[in-house]
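Inspection log for the structure reproduced underneath, given as structure tokens.
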Amino acid sequence: MNLTPASPLAANPASPALSPGAQVLAACRAEGRAALVGYLPVGFPSVEVSIEAMVAMVRAGADIIEVGIPYSDPLMDGPLIQRATEAALEGGSRVDDVFTAVRAIADAGAAAYVMTYWNLVLKRGVARFAADLAAAGGSGLITPDLIPDEAGEWLAASDAHGLDRVFLVAPSSTPERLTVATGACRGFVYAASTMGVTGTRETVGSAAQDVVRRTREVTDVPVCVGLGVSTRAQAADVAGFADGVIVGSALVRALGEGGIPAMEALTRELAAGVREGRP
Amino acid sequence: MTTPHGRFGDFGGRYVPEALIPALEQLDEVRRKAAVDPEFIGELDRLHRTYTGRPSIITEVPRFAEHCGGARVILKREDLNHTGSHKINNVLGQALLAKRMGKSRVIAETGAGQHGVATATAAALLGLDCVVYMGAVDTKRQALNVARMRLLGAEVVAVTNGSQTLKDAVNEALRDWVANVDSTHYVLGTVTGPHPFPEMVRDFHRIIGVEARAQVLDLVGRLPDAVLACVGGGSNAMGIFHRFLFDDSVRLIGFEAGGDGIESGRHAARFSGGTRGVLHGAATYVLQDDDGQTIESHSVSAGLDYPSVGPEHAHLFETGRAEYRPITDDEAMEAFRLLCRTEGIIPAIESSHALAGAMKVGRELGPDALLLVSLSGRGDKDVHTAARWFGLLDDAEGMP
């Protein structure tokens, strides 16, 4: 993919070159569809199988892979992902493994963002983490417990290594907070569809559409929606108003219950869903 | 001591999901206004006088002091507060703030159960719904407090993930808060978490040191040489330390849970075995491995069994204004036994770490020294643990 200087992303002076992830989102925008972002944690059910699953997810139609690092205190995750990441840690999954996964995804031709709780980055050293992620071909970091106000070191490191930084916005975000959060985002903005933690939900409520609308009022950065999406119909619904649809728990459950074939089948369904969102 | 962003030197801050930031900003605004509002101050003062039982007394303990190198030892009796510990100071303040914010539901985490009991009590008093999260390991070792909370009308949720102790109860409370923040206030029980909790909780406990300093001056005519307190999250310690921060002659000494000993790796001594990190919303000292994964802490005392510590303590540690030392389970239980036998006071096992500290510091400083010790809680809840520890009952007398 080539750079698209006309893209609003390219206007960001800190981002002379678009990350692989930003290029994917721009291409999806040009196609008039939302991107499918699929989450899996490294190390579940084992490091090898998780990486194989991520590559399979690319084959099955995911545009971007969100690679989770298991953490001992995942306060934004619901029971399903908690159980998977606890199992991954018990199985010996280490932070180093995430870079192997990112490299495999990049080699498979997809964009990889790493989703991590902040202490794991701090412990490695922010600059070292950024260098390792860039070297592995990663696009950036999604940081559920880091707000831009606390992110000075990461803002500098991500600029130095050309990485995207994805902060979250939520239905509770005030206009002031939306401006702060999106002002620091590069790549995309992660909009939480609901007030709560990860997990599948029967419906993705109107709060999601509202937070996307309010986010778009303050930024041109693509907005991807996460939390609660598990089915093709929900993916299509969210794809109608967002730049990307993020699916986590449902894919983790499919992988846990039916292995890679089940996870691939769900990915194909979701990939079809994001293409049905806009008539 | 803090910057506008809630920093104590390098420590503190807000490492939480963006979804919680509006609630934290609202809380910060409301508590700042309340702190200078005569109506709020008057209401909290009235509750402390007529409900908590403040001011709590001080008690000189000469027979116990014989085991402290002959130093004079004075206890600040937070154990005599309603609900049996210092925790009520903070909880009443936060429950009043919850009402001011129009929130009808409070949630809390608890380790030993003292904070959960205090929160359930305040909720009953002020007509708030209450849910308390408690690690499943702790609901077993502190079963009496589970029953107390339920008697008071609270729902107690046993947390079965992770290490099933206090840190996991905090995770679960934070998850609840993210999902229900419109209706719910999180009554965080110690001086950690995202800003403004460390500062606000400290301010609600500051009364401990304010009273004790005046009481000691009145009784002895001089300031103590050292102020001693146990440190789990560190709320009773910050509460008694804070009024003495600028009394340069007064040493401030915190005692962490040394568990089976630092060398065993089974402890909760963040300043002996921990490093800089982030946990539960604050930059502070954390027990963690090379990857930054939290290491599970160990202590005979559920209330000190926590892998992180309040960020202001981290600041006091790094600046050298306060010292922090580990006390093993054995040392704490010996001090527990001694205070029972010499003074007729059954202390909480948490507070017994500070008593064990007094035995060491008194011997170091000698008979001229004057020690002020925070007796943060009473040991009724620990009778079961102590009976088992000392083998006081046999099977026929009802021990499982």
Taking every C-alpha to C-alpha distance in the stretch A:151-279 and binning by 10 Å from 0, the per-bin percentages run 13, 39, 32, 15, 1
Obtain the nm distance between the two label points defined at B:Asp260 and B:Ala35 by a simple spin-label model: each point lies 7 Å from its Cα along the Cα-to-C-beta direction.
4.3
More than 17 Å apart: what percent of Cα pairs in the stretch B:6-123 qualify?
68
Which value in nm describes the separation of the simple spin-label points at A:Arg59 and A:Asp149, placed 7 Å from the Cα toward the beta carbon?
4.7
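Is chain B best put as rounded, prolate or oblate by its Cα gyration tensor, with a ≥ b ≥ c the root eigenvalues, rounded for a/c under 1.5, and otherwise prolate when a/b is larger than b/c, oblate when not?
Working: a/c = 1.33, a/b = 1.22, b/c = 1.10.
Since a/c stays below 1.5, the shape of chain B is classed as rounded.
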Backbone HN-Hα couplings from phi across the stretch A:216-222 [Karplus 6.51/-1.76/1.60, Hz, Gly and Pro as x]:
5, 5, 10, 8, 9, 5, x
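Using the structure shown, select from B:Lys103/B:Lys381; B:Lys87/B:Lys140; B:Lys140/B:Lys167 the pairs with a Cα to Cα distance greater than 19 angstrom.
Numbers: B:Lys103/B:Lys381 31 Å; B:Lys87/B:Lys140 21 Å; B:Lys140/B:Lys167 16 Å.
Beyond 19 Å: B:Lys103/B:Lys381; B:Lys87/B:Lys140.
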So who's got an amide H within less than 5 Å of the one on B:Gly379, skipping anything under 5 residues away but keeping other chains? H placed 1.01 Å off N, in plane.
B:Ile346, B:Ala348
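Give me the inter-chain shielding for B:173-186: mean count of other chain Cβ atoms within 10 Å, whole number please.
On the way: counts 1, 5, 10, 2, 2, 9, 5, 2, 4, 3, 0, 0, 0, 0.
What the average comes to for B:173-186 is 3.
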Would any residue of the stretch B:115-152 have its amide N under 15 Å from a label point 7 Å out along Cα→Cβ of B:Leu393? List them or say none.
B:141-145
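To the nearest 20 Debye, how big is the dipole of the protein assembly as shown about its Cα centre, given +1 on the beta carbon of each Lys and Arg and -1 on that of each Asp and Glu? The partial results should precede the final answer.
Details: 62 positive and 82 negative charges, 238 e Å.
Dipole size: approximately 1140 debye.
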Which whole-number percent gives the relative contact order of chain B, counting Cα pairs below 8 Å spaced six or more residues apart?
21
Counting other beta carbons within 10 Å of each residue's own, what order do B:Asp368, B:Asp203, B:Asp10, A:Asp77 fall into, fewest first?
B:Asp368, B:Asp10, B:Asp203, A:Asp77
Find out how many positive minus negative residues lie around B:His205, taking Lys and Arg as positive, Asp and Glu as negative, among other residues whose Cβ is under 10 Å from that of B:His205.
+1
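When a/c is below 1.5 the answer is rounded, else prolate if a/b is larger than b/c, else oblate, so apply that to the protein assembly as shown with a ≥ b ≥ c taken from the square roots of the Cα gyration tensor eigenvalues.
Details: a/c = 2.11, a/b = 1.99, b/c = 1.06.
In terms of gyration-tensor shape, prolate.
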Phi-derived 3J(HN,Hα) across the stretch B:261-272 with the Karplus relation (6.51, -1.76, 1.60, θ = phi - 60°), rounded Hz, x for Gly and Pro, is x, 4, 5, 6, x, 9, 7, 9, 9, 5, 8, 9
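Evaluate E = 1/(1 + (r/R0)^6) for B:Arg222 and B:Tyr51, where r is the Cβ-Cβ distance and R0 equals 45 Å; express this FRET efficiency to the nearest 0.05.
Plugging the Cβ-Cβ distance into 1/(1 + (r/R0)^6) gives 0.85.
On alpha carbon coordinates alone, what is the Rg over Rh value for the stretch B:117-196, Rh being the Kirkwood radius?
Numbers: Rg = 12.4 Å, Rh = 13.0 Å.
Rounded to two decimals, Rg over Rh is 0.95.
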Selection of GluC sites (Glu not before Pro), the stretch A:160-257, meeting DSSP coil and at most 15 other Cβ within 10 Å:
A:Glu202, A:Glu217
Distance between the C-alpha centers of the stretch B:355-371 and the stretch B:235-284? Whole Å please.
19
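Net charge near A:Glu86: determine it from the other residues with C-beta under 13 Å of the C-beta of A:Glu86, scoring Lys and Arg +1 and Asp and Glu -1. All intermediate terms of the calculation are to be shown ahead of the outcome.
Values: positive: A:Arg83; negative: A:Asp73, A:Asp77, A:Glu90, B:Asp168, B:Glu296.
Taking every Cβ under 13 Å from that of A:Glu86, the sum is -4.
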Under the classification rounded if a/c is under 1.5, otherwise prolate if a/b is larger than b/c and oblate if not, where does chain A fall, given a ≥ b ≥ c as square roots of the Cα gyration tensor eigenvalues?
rounded
Give me the distance between the Cα centres of the stretch B:80-109 and the stretch A:181-230, rounded to whole Å.
34
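Roughly how big is the stretch B:1-51's charge dipole about its Cα centre, with Cβ charges of +1 (Lys, Arg) and -1 (Asp, Glu), in debye to the nearest 20?
140
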Calculate the mean, over all residues of peptide B:284-291, of how many other protein chain Cβ atoms lie within 10 angstrom of the residue's Cβ.
4
Take every DSSP beta bridge whose two residues both sit in chain A, then give the antiparallel share in percent to the nearest 5.
5
Dipole magnitude of chain B about its Cα centre, charges +1 at Lys/Arg Cβ and -1 at Asp/Glu Cβ only, in debye to the nearest 20?
960
For a quick check: sort B:Met149, A:Met76 by the number of other beta carbons within 10 angstrom, fewest at the front.
A:Met76, B:Met149
If amide hydrogens are placed 1.01 Å from N in the peptide plane, which non-local residues have theirs closer than 5 Å to the one on B:Gln164?
none
Options A:Pro41, A:Tyr113, A:Ile64, ranked by Cα towards positive dipole end of the stretch A:24-116, top entry (Cβ charges):
A:Ile64
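Only the coordinates and a few stated rules stand behind these numbers; no lab work does. All values reported here derive from a predicted model rather than from experimental measurement. We place every Cβ from the backbone using ideal geometry, glycine too, and count neighbours over all the protein chains shown.
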